[in-house]
Amino acid sequence: MRRLLSPTIGVGPAADLREREEVVDLDGRDRTIESHFKGSFGDLTADGRREGARSVYAWRRALVLALNVATVTALIALMAVILGAGGWTVAEGVMLFCFAITLPWLSIGLWNALIGFAIYRLAKDPAGYVTPALTLAKRDDPIAYKSAVAMTVRNEDPSYAVARLRVVQEDLDRAGLGGRFDLHVLSDTDKPEIAETEEAAIAAWRAEIGDPDGAGRRVYYRRRTSNEGFKAGNVWEFVQRSGDRYDLFLPFDADSLMSAAAIARMVRVMQANPRIGILQGLVVGMPSTRFFSRIFQFGMRHGMRSYTAGSAWWQGDCGPFWGHNAAIRIRPFRDHCALPTIPGRTVLSGDVLSHDQVEAVLMRRAGYEVRVIAEEDESWEENPHTLPDFIKRDLRWCQGNMQYWALLGLPGLPVMSRIQLALAILMYLGAPGWMAFVLLGAAHAFVPGSGAFPVTLGVTLFVTVVTMSLMPKLMGMLDVLLSRRQRRRYGGGLRVAAGSVTEILTSALIAPIVSFAQARFIGGLLLGRKIGWGTQRREGEALGWAEAAKGLWPQTLFGALLAGVLAYKVPGALPWAAPLLAAFLLAIPLAVWTASPALGRWSARVGLCDIPEDRETAPALSALEAKLAAR
């Protein structure tokens, strides 16, 4: 690979174009990909030649649009044949509309997964292929930037959160990079007893590194007396106060962890590419002995890899930002990414909750790129330990994404950025669409003269839609099974296969439960109900039956009523509805069983749903485990 770079690093996109020339040729690996796809992947390596890059991305986006339009149209047509077999009613027309709402997100997932799978199978460096900027930074490039690692906390266990930052600090020191990074704890804690513990934890940390009074200015602690703006407001206060002191900042959640190597790679990429405003890492789950967490992160691990590579291929410089485990150019963020306040007095008015994607589109509007590293790179988070905890977090994200309705018309956004906001909305609109479809289908049984639907076509459509929903995970799992090195990382092909079957079956039961919760929640938003920003349970105990029933009784009741209706009016449909009915009727016991510490310990002991870190623990994770054990 050939690289021509001037030594000057500009301060923004315009300066970069004036002061810097980049020419990076495709190596044999990427020419191989192009030979498979007859040149359709284009020459993005002339990334400094922005017009060429724009034309390539325009072509890719047109292709992805065409594929998705064709897929959605075909599925709607098939459903129209099924519903219209005995003539049309108003209810059937509404059912077709509800079905159509669910399709865009499913179709995007399908094609992202297929494209990502092709890239992972055919490229020697998949991440570098979809994000060529990664190839411009070398492992031995000196780090000149001054950066801040900034962790936001609110009423968290201080020993739990601070332990992660201490691991980062020690890892950076061992790598000889400690002098280029400061560490900040940005607290919004409003419980006095937790605030006191936070201050004590920071004092102990400073004393241990020989800076008891903070004069060394490596470890910073600040607590706001107001939670204004929630997490985004917490970060915003920091960048306003410290924006002139740093080149970059890396936002951390209280459960975030990154190795020094991963952090240094991000910084080097940002140094080599001044046009990048946000560089998002691919975040994966930490090892866990909780069965729910193990299943969830096993599936997400596989699904995110192919999905992210596929989406990065066509989204390009309008990539995602997930709010943490990323590198952000602090001055452009401060100058261009102030979040708007949504006007009005509705439940969706006020401060933006799901701030990350809004900040990404504002950074792109300012002329900076938002890119993603589409490969695993020692960047971790902790996943919810129980189904109710997962649903609670998901509904908070749902509420935030629904606020994007008011932001679609923000002036000056690129078309791709508006599409990203729309997709974030559609991600949650599918749930009420599905639930409305199920309700109308059950009610249809009471309509006089309603006939049976074509069984063969119905089964075909059902299998197609289920396969589409699983495609990101299936492609990720297949990619692992086809790679000897990856199979070894997961403990062998049999373990991967067993984990995959377990994950798919469990997810098939969990998905309707979550979709019902989303649909019910969105209905509540329309009636003026909302949820607050609570603290996530990081280290939960076993989930009790009463707690599970308190949150999941609506799913159980809905399942019982639906089963009764079908048994009374359409008993022949019961076998086809069995998976859905089982999910609703088993919601409470499923939540309790998957939260069982004993089941989690057993799955860890036998290696069921193991991830690579379960087989070979990374040094940063080992260090964190030791610190948490010593609390």
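The values are calculated or read from the model by the stated rules, or taken from the named source; none is laboratory data. Since we're looking at a predicted model, the values are computed, not measured. So basically every Cβ, Gly included, is an ideal-geometry build from the backbone, and we count neighbours across all protein chains shown. Accessible surface areas use protein heavy atoms only, side chains included; no ligands, DNA or RNA. Shrake-Rupley method; radii C 1.70, N 1.55, O 1.52, S 1.80 Å.
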Going by the structure shown, is ARG164 open to solvent by 20 Å² or more (accessible area, probe 1.4 Å) and either among the charged types (D, E, K, R) or touching a residue at least 60 places away in the same chain (Cβ under 8 Å) (or both)?
no
Mind listing whichever residues of the range 191-222 are open to solvent by 70 Å² or more (accessible area, probe 1.4 Å) and of a type in the set (D, E, K, R)?
LYS191, GLU193, GLU196, GLU199, GLU208, ASP213, ARG217
In the set LEU78, LEU134, LEU177, the lone residue that is under 29 Å from PHE516 (Cα atoms) and not charged (D, E, K, R) is LEU78
Just one of (1) surrounded by 15 or more Cβ atoms within 10 Å (Cβ to Cβ); (2) at pLDDT 95 or above trips up ARG174, so point out which.
(1)
Step by step: first the residues of the range 223-238, then only those that are under 20 Å from the mean Cα position of the chain (by Cα) and either of a type in the set (Lys, Arg) or open to solvent by 20 Å² or more (accessible area, probe 1.4 Å) (or both), then the one that is farthest from LEU136 (Cα to Cα). Which residue is that?
PHE230
For the range 349-359, state whether one or more residues are buried (at least 17 other Cβ atoms within 10 Å of the Cβ), at positive phi and not aliphatic (A, V, I, L, M).
no
So which of ALA312, ALA327, ALA338, ALA260 is crowded, with 22+ Cβ neighbours inside 10 Å, modelled with pLDDT of 95 or more, out of contact with any Ser or Thr (no Cβ under 9 Å at 6 or more places or on another chain) and among the small types (Gly, Ala, Ser)?
ALA260
Among (1) out of contact with any Leu (no Cβ under 6 Å at 6 or more places or on another chain); (2) crowded, with 24+ Cβ neighbours inside 10 Å, there is one condition ARG241 misses while meeting the rest; what is its number?
(2)
Looking at the range 315-324, which of the residues that are open to solvent by less than 10 Å² (accessible area, probe 1.4 Å) and of a type outside the set (Gly, Ala, Ser) is farthest from TRP602 (Cα to Cα)?
CYS318
Please find, within the range 125-161, the residue that is most open to solvent (accessible area, probe 1.4 Å) out of those that are of a type in the set (Lys, Arg) and over 25 Å from the mean Cα position of the chain (by Cα).
ARG139
Here the residues within the range 615-624 that are open to solvent by less than 20 Å² (accessible area, probe 1.4 Å) and of a type outside the set (Gly, Ala, Ser) are LEU621, LEU624
Please state which of the following conditions PHE230 fails to meet, knowing it meets all the rest: (1) at pLDDT below 95; (2) at negative phi.
(2)
So, of the residues in the range 244-257 that are more than 22 Å from the chain's Cα centre (by Cα) and open to solvent by 10 Å² or more (accessible area, probe 1.4 Å), which turns out to be farthest from PRO332 (Cα to Cα)?
ARG245
If a residue has to be aliphatic (A, V, I, L, M) and outside any helix (DSSP H, G or I) to count, how many in the range 398-432 make the cut?
3
Quick one: which residue in GLN271, GLN280, GLN297 is in a helix (DSSP H, G or I), of a type in the set (S, T, N, Q) and either under 28 Å from GLU237 (Cβ atoms) or free of Cβ contacts under 8 Å to residues at least 60 places away in the same chain (or both)?
GLN271
Among the numbered criteria (1) in contact with a Cys (Cβ under 9 Å, 6 or more places away or on another chain); (2) more than 30 Å from THR189 (Cβ to Cβ); (3) of a type in the set (Phe, Trp, Tyr), which one does PHE521 miss?
(2)
Of the residues in the range 433-449, how many are part of a helix (DSSP H, G or I) and either among the small types (Gly, Ala, Ser) or at pLDDT 95 or above (or both)?
5
